[in-house]
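What follows is a short report on a single structure.
The values are calculated or read from the model by the stated rules, or taken from the named source; none is laboratory data. Just so it is clear, the structure is predicted and the values come from calculations on it, not from any experiment. Because the Cβ atoms are built from the backbone with ideal geometry, glycine has one as well, and the counts that use them run over all protein chains shown.
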Amino acid sequence: MKCWLTWLLLASCAMSAANAQLELVPDAQTPCVFGGATQKITVVWRNDGGQITNAEIRTQIFQTTSATTVLLADVAWKKLSVLPAQTVIESKSLEFPAVKAETKFLVQWMVATNQILGVTEVFVYPTNLLAELKPLAGEGAIGLFDPQNQLKPLLKNLGVDFVDLESSGLEVFSGKLAVVGPFESRAQLRASLMAQLELAAKRGINSVWLLPRTDRSAKLLPSFYAVAEKTNSIVVVQPELVADLPDNPSSQRNLIYFCKLALSPSPPALPNLAAQP
């Protein structure tokens, strides 16, 4: 596996003079997508040279494991023209197979002469991530206040039982975990919601509150934090961490983490940034 990655990195440096000025800009964050469907991968190209670059680009998709790297597809993409000192944003629709667990893929960007311009790492996830919420509810069901109807269809398709708190109300909910949100705006918030969450916590209900978008000039808050009420907690989450829940595996993984945190709160700790062997 390490030999393959080393080869890819070395090969990506062995570009011809005609394409040497064309550079694939590294991703700020590794793309995360669901498998079993065509997904759009965004890439940024930069021309640091002094002349226009024209390159016929194609892509190769590799699926990796701890021991192997397997070529799944080799397809032509497009002719890319980039002016001197120009940066362009492009996207390519790629098909990733269904997976049963988090799986790393490598997308290799090449010119027609088989010279590698760069490699993009992509993490692919199964579409049933939110099934992990089912055991968290214990013997009962999850309470769900979902005014945008983002979570209810997902949980229904996965067979995860939930109580619709929009109709029954948080005041009479008797489960141990509730998810409140996401919200499109502050207008969807009930005036009594905060008091209801506090009372629910005192009755033994742990909650995850997904906040609506607010004015960026407002008071600076952490991306998420837990508020203790006796032995229970309310985890408050900024909307950016759960954006586009139906189609974003990172957001779904975040939601699962916040639900676990609500049920088993733990104090923050310094990050362990020691180099891994």
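The table that follows gives values for the structure above.
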item	result
Elements of type helices (runs of 4 or more DSSP H) in segment 160-277, at least 3 residues being among the acidic types (Asp, Glu), closer than 26 Å to PHE34 by Cα and at pLDDT 95 or above	none
Residue list for segment 143-176, filter: of a type outside the set (D, E, K, R) and in contact (Cβ under 8 Å) with a residue 60 or more places away in the chain	GLY143, GLN150, LEU151, PRO153, LEU154
Criterion: touching a Gly at 6+ places or on another chain (Cβ under 7 Å) and surrounded by 19 or more Cβ atoms within 10 Å (Cβ to Cβ) - qualifying residue of VAL124, VAL180	VAL124
Residues located in segment 242-252, provided they are in contact with a helix residue (DSSP H, G or I) (Cβ under 7 Å, 6 or more places away or on another chain) and surrounded by fewer than 18 Cβ atoms within 10 Å (Cβ to Cβ)	ALA243, ASP244, PRO246
Residue in segment 232-253 that is basic (Lys, Arg), in the same structural domain as GLU171 (by TED's automatic domain parsing) and under 30 Å from THR103 (Cα atoms) present	yes
Some residue of segment 220-234 being of a type in the set (Gly, Ala, Ser) and surrounded by fewer than 17 Cβ atoms within 10 Å (Cβ to Cβ)	yes
Of all residues making up segment 27-56, the number that are modelled with pLDDT of 90 or more and either within 30 Å of PRO126 (Cβ to Cβ) or under 26 Å from the mean Cα position of the chain (by Cα) (or both)	18
Of all residues in segment 127-139 being crowded, with 16+ Cβ neighbours inside 10 Å and touching a helix residue (DSSP H, G or I) at 6+ places or on another chain (Cβ under 7 Å), the one that is nearest to ALA98 (Cα to Cα)	LEU129
Pair list, Cβ < 7 Å and 6+ apart or interchain, from segment 83-112 residues that are under 27 Å from GLN252 (Cβ atoms) to residues that are of a type in the set (Gly, Ala, Ser) and in a strand (DSSP E or B)	none
